[in-house]
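Accompanying notes for the structure given below.
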Amino acid sequence: MRNRNLWLAIIGLLTVLALWVDFSETRIAIDFLGLHREIRTVLGLDLQGGIQILLEADVPPNQAVDRGNLEDTRRIIENRVNALGVSEPVVQVAGTRRIVVELPGITNLEQAVNTIKQTGLLEFVDAGALPIPEGTTIRTTLDVSLTGTVPLTATPTLPPTPTLTATPTLTETAPMIGTSPVTPTLQVYRTVMTGRNLRSARPELDEFRRPQVAFTLDAEGTRLFAEYTSRNVGRYLCIVLDKKVISCPVIEDAITQGQGVIRLGAESALADAEALAVTLRYGALPVPLKIVDTRNIGPTLGRESIQRSLIAGIVGFATVALFMILYYRLPGVLAVLALSLYAALVFAVFKLLPVTLTLPGIAGFVLSIGMAVDANILIFERLKEELRAGRNLTAAIEYGFERAWPSIRDSNISTLITCVILYIFGMNFGASMVRGFALTLAIGVAASLFTGIWVTRTFLHVLLDRLSAQAYRRWFGI
């Protein structure tokens with residue numbers, strides 16, 4: 001009985017938390033983890049409107065496109081569209097040579113296209129004796145406007161560079177405490193070299209397992225770096241992207257061979273090195289792209305779809321609840337309570353992750369409501385068989401769950417496998433709606449296992465163990 005009371009307390013706590021999340025439009029901030037999460041419902045392109053852009057590799061049809069270069073291009077474009085302030089943009093590879101960009105809530109097509117087509121301006125800037133804090137916007141000798149459309153250019157594929165584990169060349173240094181860098185708007189910093197002289201950049205770990213980024217330069221970059229670093233050992237060289245400082249390491253030694261590393265420090269993670277490596281390759285897209293199709297989707301269809309989906313969900317839930325109550329009587333009432341908790345839990349998970357809700361995603365959620373009662377139906381049928389065989393109520397509940405579990409387990413595993421296949425299909429072929437359907441259905445199946453097995457079972461034991469099935473046969477639909 002103690003375990004049942006514990007489960008009942010857990011279920012009550014989950015119910016309160018789920019309802020709080022479902023009806024909250026707030027922001028969670030956990031300072032020591034650096035986590036800032038906004039609790040809200042995220043709607044997809046088809047529900048709130050926006051822009052969809054289809055990009056294709058601008059190379060001859062018979063020329064293969066490297067999958068790694070295409071993925072790097074996708075990440076670069078994703079970083080660019082994030083600057084638009086888009087809520088949950090979708091940027092994914094479609095097939096072997098296309099990228100699909102979906103920007104929910106954006107209506108300015110020209111601005112979106114220009115942002116995607118821009119080539120990031122990467123500069124190595126002479127900061128002098130004092131470092132410039134990361135994130136600072138500065139002016140440089142190449143202070144040009146990037147608001148217009150810039151042609152997309154490709155970076156040539158180059159052979160891999162041997163891992164450098166000898167003397168590190170650049171070391172990440174924290175900004176000096178008590179110093180005030182020159183106001184960026186007043187000072188113009190000298191650009192030593194631009195990103196076009198960068199051949200490659202990749203994350204790695206040094207001999208002490210500290211993250212760093214190894215880079216190589218072309219012939220012109222090697223000459224420029226050799227001249228500059230030979231005269232400026234001990235001074236700071238900032239890495240600047242689109243006039244914003246990304247990193248500001250100090251020069252330890254002259255870089256004369258066109259190869260060096262940027263150490264990030266022991267407190268950094270390898271993910272930080274990976275992010276910096278992608279940033280260093282940001283100056284030019286690895287794959288040239290052309291715009292194949294653009295669509296401006298209005299929100300009218302989305303509002304109508306949400307209303308109709310809400311009506312469909314209410315009607316579906318009410319129909320399932322009515323059937324369960326009429327056919328299974330008292331256990332059916334408990335199943336409806338568990339189904340209500342299921343719906344609250346799933347919607348709370350959607351808001352916490354968050355899951356971008358599309359129309360197919362809502363369809364998957366509605367479908368999962370019907371599937372959520374499958375476990376209860378199997379259990380209740382087994383329960384009725386055990387009661388007809390003359391078992392007492394407590395034993396009938398346990399036998400009913402044990403004999404129904406293999407069927408419940410196998411059916412849900414097969415559904416989850418199908419969801420994985422659909423999700424992979426959606427990822428590889430740019431079918432974001434298929435991916436949304438698979439994700440919402442998988443979350444629903446997982447939640448239905450919890451509510452169908454543990455929640456319903458706890459309710460049955462807590463409320464029905466003291467009843468006599470023979471005295472209340474009508475309560476069980478026997």
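General observations
- Added length on full extension, which subtracts the Cα-Cα distance from 0.36 nm per residue, Glu134 to Leu6: 41.1 nm
- For Ala395 and Thr256, the difference between the fully extended length at 0.36 nm per residue and the C-alpha to C-alpha distance is 41.9 nm.
- A crude spin-label estimate for the pair Ala269 and Gln111, with each label 7 Å from Cα along the Cβ direction, gives 3.2 nm.
- Between Ile255 and Thr229, Ser230, the built amide H atoms are under 5 Å apart, and every one of these is 5 or more places off in sequence or on another chain.
- One decimal place: the segment Leu13-Glu381 gains 129.5 nm when fully extended, by the rule 0.36 nm per residue minus the C-alpha distance.
- Modelled label reach - Ile421, point 7 Å along Cα→Cβ, segment 348-381 residues with backbone N closer than 20 Å: 361, 364-365, 367-368, 371
- Exposure proxy shown here: for Arg223, Arg67, the number of other Cβ atoms within 10 Å sets the order, fewest to most, as Arg67, Arg223.
None of the figures in this text is laboratory data; all of them are computed from the coordinates on show. Keep in mind that what you see is a predicted model, and the values were worked out from it rather than measured. Every residue, glycine as well, gets a Cβ built from its backbone with ideal geometry; the counts of neighbours run over all protein chains shown.
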